[in-house]
Amino acid sequence: MIIIRCEDYDEMSCTAAEYYVELLQKKPNSVLGLATGSTPLGLYEKLVEAYEDGVIDFSQARSFNLDEYYPIEKNHPQSYHSYMYENFLGKVNFQESQIPNGEAADPENECIEFDKAINLAGGIDLLLLGIGTNGHIGFNEPSISYTLATHLTELAESTIEANSRFFADGELQPRAALTMGFGNIFASKSILMLISGASKRPIVQRLLDDKIHTDVPASLLSLHPDFTIIIDREALGD
Ligand code: PGA
């Protein structure tokens with residue numbers, strides 16, 4: 001595990017963006033695993049700027065998103081589909097992008113087809129992850145067992161609570177999601193985790209204490225041979 005310490009959110013986002021510029025220069029047809037949430041917004045902004053300035057080109061690259069609420073309409077303002085197109089995919093030029101379909105009539109089959117598409121693309125070169133305040137990655141919530149493939153899963157109460165800020169009062173909030181599993185995550189050649197802000201401090205302490213905690217899904221990533229964390233001072237608490 002490599003830890004890159006940054007002064008603040010902006011430096012974290014710039015440092016992450018440099019990773020992508022380098023990767024796509026080296027391998028223009030990279031397969032990127034992408035994440036949602038508030039943490040990667042700065043990275044996406046920097047990548048859109050780099051694309052507009054001609055510094056990065058995604059025309060040969062493909063992307064697969066980590067997760068999506070289920071059920072949710074693609075054009076719901078809080079769907080991860082909407083988030084991705086508003087903040088990133090709609091502003092750059094990926095050859096192909098796939099996001100688990102929150103409208104799928106048969107979610108199990110959707111997950112099987114999603115994993116087939118990842119394999120057909122040659123697997124993920126660089127998977128971007130955030131971390132939940134409860135240690136989840138994607139929607140792999142703390143549990144005594146973890147599913148390997150992309151799957152339909154119930155959200156933890158703490159996740160529903162954390163994400164309720166995005167839904168209007170009285171609006172139906174999804175209680176389940178389609179998410180890549182630990183098999184997909186570990187099969188990714190490289191993993192890049194972004195962590196920012198004081199709210200992540202308690203979970204960061206457990207992530208970085210040189211132990212694997214079965215109730216902190218992200219801590220299992222320390223077993224991955226190419227796992228990098230870019231973290232800001234507020235999250236580190238130093
Ligand atoms: P956040 O979400 O980036 O909004 O903190 C991260 C996550 O829940 O994985």
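Quick one: in the stretch 4-36, of everything that is in a loop (DSSP other than H, G, I, E, B) and farther than 22 Å from residue 61 by Cα, which residue is nearest to the ligand (Cβ to nearest atom)?
Applying the filter and picking the extreme gives 8.
For every residue, the table says whether it meets (1) under 21 Å from residue 108 (Cβ atoms); (2) within 10 Å of the ligand (Cβ to nearest atom); (3) surrounded by 17 or more Cβ atoms within 10 Å (Cβ to Cβ).
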{"position": "135", "(1), (2), (3)": "no, yes, yes"}
{"position": "142", "(1), (2), (3)": "no, no, yes"}
{"position": "145", "(1), (2), (3)": "yes, no, no"}
{"position": "150", "(1), (2), (3)": "yes, no, yes"}
{"position": "170", "(1), (2), (3)": "no, no, no"}
{"position": "174", "(1), (2), (3)": "yes, no, yes"}
{"position": "178", "(1), (2), (3)": "yes, no, yes"}
{"position": "183", "(1), (2), (3)": "yes, no, no"}
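Give the stretch 115-159 a look and list any residue that's over 15 Å from the mean Cα position of the chain (by Cα), among the acidic types (Asp, Glu) and over 30 Å from residue 29 (Cα atoms), or say none.
154, 157
Scan the stretch 152-168 for residues that are of a type outside the set (Val, Ile, Thr) and within 24 Å of residue 106 (Cβ to Cβ) and report the count. Explain how you work it out, then say what you get.
Residues of the stretch 152-168 of a type outside the set (Val, Ile, Thr): 152, 154-158, 161-168.
Of the ones still in play, those that are also within 24 Å of residue 106 (Cβ to Cβ) are 152, 154-155.
Number of matching residues: 3.
Determine which member of the set 152, 128, 148 is touching a Gly at 6+ places or on another chain (Cβ under 8 Å) and not in a loop (DSSP other than H, G, I, E, B). Reasoning before the result, please.
On the way: 152 fails: touching a Gly at 6+ places or on another chain (Cβ under 8 Å); 148 fails: not in a loop (DSSP other than H, G, I, E, B).
Just a single option satisfies the conditions, and that option is 128.
Quick test of your reading of the structure: residue 162 fulfils all but one of (1) of a type in the set (Gly, Ala, Ser); (2) closer than 25 Å to residue 198 by Cα; (3) more than 12 Å from the ligand (Cβ to nearest atom). Name the failing condition by number.
Residue 162 satisfies every listed condition except (3).
Could you list, in sequence order, the residues of the stretch 179-238 that are among the basic types (Lys, Arg) and in contact (Cβ under 8 Å) with a residue 24 or more places away in the chain? Steps first, please.
The first filter runs over the stretch 179-238 and keeps only residues among the basic types (Lys, Arg), leaving 189, 200-201, 206, 211, 233.
Result: 189, 200, 201, 206, 233.
List every residue pair whose Cβ atoms lie under 8 Å apart, where the two residues are 6 or more positions apart in sequence or sit on different chains, the first residue falls within the stretch 25-40 and is in contact (Cβ under 8 Å) with a residue 12 or more places away in the chain, and the second residue, located anywhere, is hydroxyl-bearing (Ser, Thr, Tyr) and part of a loop (DSSP other than H, G, I, E, B).
From residues that are in contact (Cβ under 8 Å) with a residue 12 or more places away in the chain, the pairs are 28/59; 33/188; 39/196.
Please give the number of the condition residue 203 fails out of (1) part of a helix (DSSP H, G or I); (2) β-branched (Val, Ile, Thr); (3) farther than 23 Å from residue 65 by Cβ.
(3)
Taking the residues in the stretch 39-65 that are more than 25 Å from residue 183 (Cα to Cα) and small (Gly, Ala, Ser) as candidates, determine which candidate is nearest to the ligand (Cβ to nearest atom).
Across the stretch 39-65, the extreme among qualifying residues is 42.
Every read-out reported here was derived from the displayed coordinates using simple, explicitly stated rules and does not represent laboratory data. The structure presented is a predicted model; accordingly, all values stated were derived computationally and were not measured. Note: ideal-geometry Cβ built from the backbone for every residue, glycine included; neighbour counts use all protein chains shown.
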